[in-house]
Every structure is written in C-alpha cells, then in structure tokens.
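Engineer: Encoded as structure tokens, here's the structure I'll be asking about.
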Amino acid sequence: MRKMATIRNIDNICPIVGADAIEAAVVGGWTVVVKKDEFKVGDLAVYIEIDSWVPHELASFLSKDKEPREYNGVKGERLRTVKLRGTTSQGLLLTRYAALDKVGEIFEGMDVSELLGIQKYEPAVPAQLAGMVAGPFPSVFPKTDEERIQNLANEWHEISTAAYEVTEKLEGSSMSVGLVAGEFIVCSRNLNLAESEGNSFWAQARRYDVEAKLRNQSMDNFIIQGELIGEGVQGNHYGIKGQDFYVFAIYDVTAAQYVSPLQRQQICKDLGLNHVPVISNALTITNHTVATILEMADGRSQLNPNKLREGLVFKEVGGQAHWKAVSNQYLLKTDK
C-alpha cells in the first residue's frame, strides 16, 4: 500500500541560486522547495508525496486564495510536481508540530496518511473502464503499483548491485487477467470485473483470446498484468486509434512469485501478446545514483516518438526486486 504521508528525516538543505526566501529540502530521494530556515538537517517532519489529496484545513495555501476543489467528499487540493526558481519540487513538507499536535510519540517511517486525512488521488474512471463489479480485487492477485525510486534512497547501496530488465512505463490503466483454480478473471487496478458489453478490459481479454490461450498452455494459476492504453484511457497519451493491451508482468500463483523477465517476454511471444517496450535486458546500475536514474527516465516513448515517455520500470534479472523511475520531464509537461 502506498504511504502518501510519512514521518521523514530532513537529510539535507540546499540553497537555490537567486532565491532569498526559499531553499530545497532533501528527504530520501525527494526534493521539496520550502521556506528558508523553516527546517534544518536532522528534523523530523511530515512528508506528503505527489498525487496526494491534501485536506484544505491542513494546507489551505495550496488553494492559492481560490475555492478549494473537492474529492471523495473532502475539500482540498492535489499535490503535483512543480518547478520553482529552476528547482523541481515534489511533495509537501509540514512541521511535526503543525501537522500532528494531537499525536504522541512519532518515529521515522511512520505512516500518518490516515491520521491527517491524506488520500491517494485517482482520476475519475470512465464508464467503459468502470464496468460491472464482480467482487473485490482477488487476494492472490498482486497489486501493480511499483515503488518510486525516490523512496528507496536509503536502500540504494543494496539495490544498485543487481542487474535489471528496464522497460518503458506506459501511461494507461492497469489490467490483470488470469486463471485461478480454473476460473478466468479480469480485473481493473482495484476491482474484479464481471464480463459486460462495452467494458474495455474484457474487450481486450477477448480480443487476444487470453482465456483460451492460457487453458491451451495449461497455465492455470498464472496472472498476466499489463497496461490498457488508447482512446478513453488517461487522455490517450500515445494518440493510438482504439485501445490496446501491453504486458509488463506475469505472476505464478503456485510459486508465489513473478516469472523472470526473459520468461515473461517469451510467454508473450508464445501467446501472441504485446509486451511493453524493452530498453535493456540486463542493465547494471552500480555507477548510478537516484538522481542519474531519474535523468535516465526522461526520453521519448517507443510507442510514439513525438510523445514523452512516462518513465522506466526496473525489474531484477535474477530476483524479485522491482521499482519505477517516473520522468520529471513528463510530470512537469503533463502537470502531474
């Protein structure tokens, strides 16, 4: 579960050239522009990630003297990536005392999202994606949210020793399909969907005849996960006609682990399924830092070179580690 608001240590404070009233605070791999002298290195503070919905009473200044917006019945604002005086700022830092007056003992890494009423912002789901709900997201299906590299700065010395498959992160809607104990299941990011006319997820599952292919290959208890892209999905970033499905993971329920990157790529070929664009099959990142990986995430999409790619996904070649680097260039361009 993504922790939208956590207690973090201020790792560094950096000046911003030409700025007298603001400076940059570094928290893990994140940089946040703050008022000068509001924080010092070593302080514990509340860090709220981008994509958070922040209640108005917690940070009224986010509304910029305008009427606050509303999401899930809560008035407030969504946190986005911004650029101030040439510095990319991601998230919001609040002093421990201003944000948690009524909370007792706190500790680094503590999740305070619920305490502060912080929600993860999710765009409204179009009717063709919502579908008819068959039930909750199955417990045997792994969630598809990848951890952002900025939250892994403290583990970087361990992470950077492995080799990784690197793929393009596509902008769309997460889709999971699979056979579980003989039952064919189609899911959106959060729900198990009943088959219904006009539902985009089921349409792609039937278009590629996934159920029959899994049964023919005796792939019971395998889950195929990928991105639904195209018209009516997240603004159709790639400008394609219609919709399509690109696989980024295959999960073996019996073994309780993902198949290896090369196995996944081969299964996609065998089943006639699209695979997300592969940048590298075995990239070593020993000489990289969080900052250089984020720079690497910038670039053009292999699906449409006229569009910026959303970022990159890294999956360990010989293990199960996986994480993402979202392009700051993309976030600023798309106002996300």
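The values are calculated or read from the model by the stated rules, or taken from the named source; none is laboratory data. Since this is a predicted model, take the numbers as computed values, not measurements. So basically every Cβ, Gly included, is an ideal-geometry build from the backbone, and we count neighbours across all protein chains shown.
Engineer: State all residues of segment 192-202 that are buried (at least 20 other Cβ atoms within 10 Å of the Cβ) and not in a loop (DSSP other than H, G, I, E, B); if no residue qualifies, say none.
Structural biologist: Applying the first criterion (buried (at least 20 other Cβ atoms within 10 Å of the Cβ)) to segment 192-202 yields 193, 199-201.
Residues satisfying the conditions are LEU193, SER200, PHE201.
Engineer: When GLY76 is evaluated against the numbered criteria (1) buried (at least 19 other Cβ atoms within 10 Å of the Cβ); (2) free of Cβ contacts under 8 Å to residues at least 24 places away in the same chain; (3) over 23 Å from ASP335 (Cα atoms); (4) not charged (D, E, K, R), which criterion, by number, is the only one it fails?
Structural biologist: Every listed condition holds for GLY76 apart from (3).
Engineer: Scan TYR251, TYR208 and give me the residue that is hydroxyl-bearing (Ser, Thr, Tyr), in contact with a helix residue (DSSP H, G or I) (Cβ under 9 Å, 6 or more places away or on another chain) and crowded, with 17+ Cβ neighbours inside 10 Å. Walk me through it before giving the result.
Structural biologist: Details: TYR251 fails: in contact with a helix residue (DSSP H, G or I) (Cβ under 9 Å, 6 or more places away or on another chain).
From the options TYR251, TYR208, the qualifying one is TYR208.
Engineer: Right, next: Among the candidates GLU67, GLU23, GLU38, single out the residue that is in a loop (DSSP other than H, G, I, E, B) and surrounded by 14 or more Cβ atoms within 10 Å (Cβ to Cβ).
Structural biologist: After ruling out the rest, the residue left standing is GLU38.
Engineer: Kindly indicate the residue of segment 213-234 that is part of a loop (DSSP other than H, G, I, E, B) and touching a residue at least 40 places away in the same chain (Cβ under 8 Å) and also farthest from GLU122 (Cα to Cα) among those meeting that condition.
Structural biologist: From segment 213-234, those part of a loop (DSSP other than H, G, I, E, B) are 217-221, 231-234; that's our starting set.
Remaining after also requiring touching a residue at least 40 places away in the same chain (Cβ under 8 Å): 217, 219-221, 232-234.
Values: GLN217: 36, MET219: 33, ASP220: 32, ASN221: 29, GLY232: 15, VAL233: 13, GLN234: 11 Å.
Ranking the qualifying residues of segment 213-234, first place goes to GLN217.
Engineer: Further question: Just to verify a result, which residue in segment 82-98, among those that are assigned to a strand (DSSP E or B) and buried (at least 20 other Cβ atoms within 10 Å of the Cβ), is modelled with the lowest pLDDT?
Structural biologist: Restricting to residues being assigned to a strand (DSSP E or B) and buried (at least 20 other Cβ atoms within 10 Å of the Cβ), the top hit is LEU94.
Engineer: Which of the following residues is crowded, with 18+ Cβ neighbours inside 10 Å and within 23 Å of ILE159 (Cβ to Cβ): GLU310, GLU295?
Structural biologist: That would be GLU310, the only listed residue that is crowded, with 18+ Cβ neighbours inside 10 Å and within 23 Å of ILE159 (Cβ to Cβ).
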